[in-house]
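Written out below as structure tokens is the structure these notes cover.
The values are calculated or read from the model by the stated rules, or taken from the named source; none is laboratory data. Predicted, not measured: the structure shown is a model, and the values here were computed from it. Reconstructed Cβ throughout: ideal geometry from the backbone, glycine too, with neighbour counts over all protein chains shown. Accessible surface areas use protein heavy atoms only, side chains included; no ligands, DNA or RNA. Shrake-Rupley method; radii C 1.70, N 1.55, O 1.52, S 1.80 Å.
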Amino acid sequence: MRQKSGKKAGGQPGHRGHHLQQVETPDHVLIHPVERCERCQYDLRAQTADLPERRQVMDLPVKRLWVTEHRVEEKQCPHCFHLTRASFPATVKAPAQYGTGIQTIATYLVEGQSVPYARASQLLQELLGVQLSAGSIVSFVKTCHQQLADVEQELKAGLVKASVVNQDETGLRVGTDGWWVHVCSTDRLTHYAAHPCRGRAGLDAIGIAPLFRGTSVHDGLKSYQGYSFTQALCNVHHLRELTFIEEELKQAWARKMKDLLLDMKAEVEQAKALGQQELDVLVLARLLCRYDEILKEGYQANPPPPPPRKTEQSKRKPGRAKQNPARNLLDRCSTCKWQVLRFLYDFTVPFDNNLAERDLRMIKVQQKVSGCFRTEHGIAMFCRIRSYLSTLRKQGIALFSALNNTLAGHPVLPTFA
């Protein structure tokens, strides 16, 4: 529902701005000497010099592999003449292998930035001279996936204990089959899971929805209705439908409902800014009265459809009479009134489901880049690692070092509360 703001492009008044700044301790210092006077050409090399000005250039160091060779000692006991050889570190298992730094970059490219395996291999070869096959990158991703098994369980347990979560789902292909990626998130936690079913079977298999007892914000999927958690519907979806009814069906009540929902949102934000925990009773009563009046006006503009016509054999057509989109929206806003207006009573509930929509956006980017996943295990690895990376990013934890520790066998744990 974005609209033009009327502001000029670029930085706005009051914006602090950011620019490149010098560092106090540079890694390398170059002194440019003065050898002769620029006026009379007198030799100045023996004169003491001042340093009136400095400039710095930020660049990358020379890109090359850093090879660490491990050697073990072997000694013979002078008493029993037994040969004793030292042990290699547990992580050094092959005569030549890639370290966790290379593994981290490769895993981050394919799972964090949705770069296909072949292109990630090509990029590492051109940038670092690393001859990595796509199969090697797959083995790195599998290792990361295995190391994050316990983290995923903690993440799901943290979401179950949350007071408010956002839920959504989007379609994705695995081979030739249609699958669904479900997201359950808060402003600090994100969990992705893939399943062939969009509805209750998928939600039960993931395991968060059956145990959750807080408030779930979603877009109205019927499968959410059978659980024990409290429902809250996304009002941006309602604004989109109201815009369609206003512009295409030319019904005036839709504009009034849009304005009312936005007024409600503004009242809640104003009350939050003042430190209030709930709306004033008179303000709440006025908003609810307007809501009911607009619904009544909408029903008058959209009377119920006539019953289906009978067939030649005097048998009624199966099913109920088809309603127009305006009537369907009115029924939802009437029968699910408290789900639509949950944000008006509970200030912890957001007005919309934009958080889950944003969390799903990179899933669609992955689909556009690669088209589909080849195997079920591939999408399972993607969802678990993406859940971890999204949670780290929300909590401001450095992703690269966290992935490096994960591949070394010591995952960095985010805050699950």
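Applying the set (1) in a loop (DSSP other than H, G, I, E, B); (2) surrounded by 15 or more Cβ atoms within 10 Å (Cβ to Cβ); (3) free of Cβ contacts under 8 Å to residues at least 40 places away in the same chain to HIS410 leaves exactly one unmet item: (2). Please tell me if ILE208 is open to solvent by less than 20 Å² (accessible area, probe 1.4 Å) and assigned to a helix (DSSP H, G or I). In short, no.
For segment 265-284, does any single residue satisfy the condition of being touching a Phe, Trp or Tyr at 6+ places or on another chain (Cβ under 9 Å), under 15 Å from LEU295 (Cβ atoms) and open to solvent by less than 20 Å² (accessible area, probe 1.4 Å)? No, segment 265-284 has no match at all.
Grab the helices (runs of 4 or more DSSP H) fully contained in segment 62-179, keeping just those with 1 or more residues being modelled with pLDDT under 95 and touching a helix residue (DSSP H, G or I) at 6+ places or on another chain (Cβ under 9 Å). So the answer is 100-107, 117-128, 134-147. When you scan segment 182-197, do you find a residue that is assigned to a helix (DSSP H, G or I), surrounded by fewer than 20 Cβ atoms within 10 Å (Cβ to Cβ) and either touching a Pro at 6+ places or on another chain (Cβ under 6 Å) or in contact (Cβ under 8 Å) with a residue 12 or more places away in the chain (or both), even just one? Within segment 182-197, none of the residues are assigned to a helix (DSSP H, G or I), surrounded by fewer than 20 Cβ atoms within 10 Å (Cβ to Cβ) and either touching a Pro at 6+ places or on another chain (Cβ under 6 Å) or in contact (Cβ under 8 Å) with a residue 12 or more places away in the chain (or both). Among all residues of segment 127-136, there is at least one that is within 30 Å of LEU360 (Cα to Cα), surrounded by fewer than 13 Cβ atoms within 10 Å (Cβ to Cβ) and not hydrophobic (A, V, I, L, M, F, W, C).
Listed by position, the helices (runs of 4 or more DSSP H) contained in segment 317-369 that have at least 2 residues being open to solvent by less than 60 Å² (accessible area, probe 1.4 Å), of a type in the set (Asp, Glu) and touching a Gly at 6+ places or on another chain (Cβ under 6 Å) form an empty set. For beta carbons closer than 6 Å, sequence separation of 6+ or different chains, a first residue in segment 81-103 that is surrounded by fewer than 10 Cβ atoms within 10 Å (Cβ to Cβ) and a second that is in a loop (DSSP other than H, G, I, E, B), the qualifying pairs are ARG85/VAL72.
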